[in-house]
Amino acid sequence: ENLQSLHEETLLLGRLVDDLRTLTLAEAGRLELRPESTDMAELARQTARSLEPQASIKGIRLALELPPTAPHALVDPGRTTQALRNLLTNAIRYSPQGGVVTVRVVEDREGVVVSAADNGPGIPLEDVPHLFERFFRADRSRSRATGGSGLGLAIVKQLIEAQGGQVWARSGVGQGSEFSFRVPLAH
């Protein structure tokens, strides 16, 4: 039991170190990116599929809203998957049992918008502007053991902005939350 506990703590610390390294490299403009024309609907589909077991354990349904013709964005597929995975993991974490997490991909005039929406408890409006800051937690009762490192959304912001994109969130208490990013279209 002690060894299992130590192993879990070691894994948590390893992830924290990896997260800090990624964030530091991105903030310094030294994150290695390999942009290519990427089918964003397929990226969303594969990312959601990889998280189905995690969602299933909580009784959460992952719903996909994808366009009939796949928009392509000029992104690093690995880094963009990492960003979407962070958003979906949070949405699953904060959704109630039996809830729904919806992944949307939409092309607009400025690029491709990818969103992860949940029907969780929502976030107070005064906290929404701070969500992408390092170590910020809207739910102050959460610790690293129960709610992550507080770096996931900061990493999403840096990964997407490093690729010429933008991030934002919409939420309100009792209304669930929607986290979105826009990345440039591939021409």
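The values are calculated or read from the model by the stated rules, or taken from the named source; none is laboratory data. The shown structure was predicted, so the numbers you read here are calculated from the model rather than taken from an experiment. Every residue, glycine as well, gets a Cβ built from its backbone with ideal geometry; the counts of neighbours run over all protein chains shown. Keep in mind that these areas ignore ligands, DNA and RNA; they rest on the heavy atoms of the full protein, side chains included. Shrake-Rupley method; radii C 1.70, N 1.55, O 1.52, S 1.80 Å.
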Expressed in nm², what is the orientationally averaged projection area of the convex hull enclosing the Cα positions of the chain?
11.2
Ignoring ligands, DNA and RNA, how do VAL183, VAL106 rank by accessible area with a 1.4 Å probe, largest first?
VAL106, VAL183
Pairwise Cα inverse-distance average, inverted: Kirkwood Rh of the range 24-113 (Å)
14.1
Along Cα→Cβ, 7 Å out, is where each label goes; now give me the distance between the ones at LYS58 and LEU33 in nm to one decimal.
2.9
Within 10 Å of each candidate Cβ there may be at most 13 other Cβ atoms; applying that plus a DSSP loop requirement, which trypsin sites (Lys or Arg not before Pro) in the range 19-102 survive?
ARG30
Tell me what the chain gives for mean residue ellipticity at 222 nm when only DSSP H runs of n ≥ 4 count, each as -39,500 (n - 2.57), the sum divided by the residue total, rounded to 500 deg cm²/dmol.
-13500 deg cm²/dmol
For ASN2 and GLN97 in one chain, what is 0.36 nm times their gap in residues minus the Cα-Cα distance, to one decimal in nm?
31.1 nm
Taking the DSSP beta bridges in the chain as the whole, what percent of them are antiparallel, to the nearest 5?
85
So for the range 81-132, using the alpha carbon gyration tensor with a ≥ b ≥ c as root eigenvalues (a/c under 1.5 gives rounded; past that, a/b versus b/c decides prolate or oblate), I'd call it oblate
If you take the beta carbon distance between ASP18 and LEU125 as r and set R0 to 22 Å, what does 1/(1 + (r/R0)^6) give as a FRET efficiency, to the nearest 0.05?
0.10
